[in-house]
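The values are calculated or read from the model by the stated rules, or taken from the named source; none is laboratory data. This is a predicted model, so every value here is computed, not measured. Here Cβ is always computed from backbone atoms with ideal geometry, including for glycine, and neighbour counts include all displayed protein chains. Note: accessible area is taken over every heavy atom of the protein model, side chains too, but ligands, DNA and RNA are not part of it. Shrake-Rupley method; radii C 1.70, N 1.55, O 1.52, S 1.80 Å.
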Amino acid sequence: MKVGLVTYTPEKVEGFDLHVYYAKWADGSTFPAASEMQNDVTCFCDAKAIREDPSIVAVSKNGPALRKNRRVNLPFDFVCPTNPEYQAKVLDYIEGLCKEKVEGVTLNLYHFPEEEFCVCPRCVELWRQSGLNWTQWKTQTITEFIREAKERVKCGFAVEIWPDPVLAKERFGLDFDQIAEYVDYFHVPLSARDYTTMYWVDLLTRDFIKTLKKPVVLELSAEMPNDEKAEALLKTMAYVSRHDLKGILLLVHNSENARQICRFAVKNSEFREWLKKYEFTEMSRIVENWATIY
Ligand SMILES: [Zn+2]
């Protein structure tokens, strides 16, 4: 099992063997490619593009896909996924990244915002012409976008998924079986303020490993403000490392945040004994490796 980072800074950190860099953010910021890293591209969430041209937002009978619209419960502002000009802009950006010796590209938020989206005149017309039902049309639209992105990517290719193992098709147009044909692995973010309660992390990890037809990389938040929360994170990593994961990624503020986690684990002799006593072999190997560096 690999251990890696999801980071906002384009630099690798010793002790981690998978580096995911946020190249395009949900606020619309875009950055130059980070070479030899997996570059993560937020596709249809783009607050800046929507501010510049409000007509591109996805819409529903409850109004637009904006955070400020309290009738829909959305964490980001979503562009309509069938907007041809916006799609072309994202695909060109992805193609540009691949010219810079990146390790790979991960698509993020490349789907419909929710079940009732998008009913803009273009989407309704495309749906009618397709002869498919609403969910089938949505999944076909999203799978087609992934296929087009994959054609532009001459390096590694992965997708993040919204961690809903049951309703992803109806809500977002995500057909995990279809998507599996295009990607090297799935990146499943299970973000939280802390993991002092963690049964749901184990539950979703089991569900996704069993149902997804490609390897799974799990992302956990590592911006932990105190020792109790840092220890809960490390123990959660240990428990999920018993599953057949391709890797665990830690979401960090910056490289120093990543090194803090390593140093905390290395100094914590009780935790290292606990790993050995209960035979958390993979996690033990990772922490013993950190101990040779930190
Ligand atoms: Zn639309």
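Some notes on this structure:
One line per residue, one yes/no per condition, for (1) surrounded by fewer than 19 Cβ atoms within 10 Å (Cβ to Cβ); (2) more than 20 Å from the chain's Cα centre (by Cα):
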{"residue": "Glu228", "(1), (2)": "yes, yes"}
{"residue": "Leu250", "(1), (2)": "no, no"}
{"residue": "Ala265", "(1), (2)": "no, yes"}
{"residue": "Lys276", "(1), (2)": "yes, yes"}
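- Within the range 154-190, tally of residues that are within 19 Å of Pro215 (Cα to Cα) and not in a helix (DSSP H, G or I): 24
- Test: residue in the range 6-27 that is open to solvent by 20 Å² or more (accessible area, probe 1.4 Å), more than 19 Å from the chain's Cα centre (by Cα) and within 16 Å of the ligand (Cβ to nearest atom): no
- Applying the criterion of being assigned to a loop (DSSP other than H, G, I, E, B) and crowded, with 20+ Cβ neighbours inside 10 Å to the residues of the range 34-47, the residue that is nearest to the chain's Cα centre (by Cα) is Cys43.
- Among the residues of the range 179-232, those that are β-branched (Val, Ile, Thr) and within 28 Å of Arg259 (Cβ to Cβ) comprise Val188, Thr196, Thr197, Val201, Thr205, Val216, Val217.
- Taking the listed residues Leu126, Leu107, Leu132, Leu97, the one that is more than 15 Å from the ligand (Cβ to nearest atom), in a helix (DSSP H, G or I) and not polar (S, T, N, Q) is Leu97, with no other qualifying.
- In the range 57-94, residue nearest to the ligand (Cβ to nearest atom) [restricted to those that are open to solvent by 30 Å² or more (accessible area, probe 1.4 Å) and in a strand (DSSP E or B)]: Val59
- Top-ranked residue of the range 108-132 - restricted to ones that are surrounded by fewer than 18 Cβ atoms within 10 Å (Cβ to Cβ) and under 21 Å from Asp164 (Cα atoms), ranked as farthest from the chain's Cα centre (by Cα): Glu116
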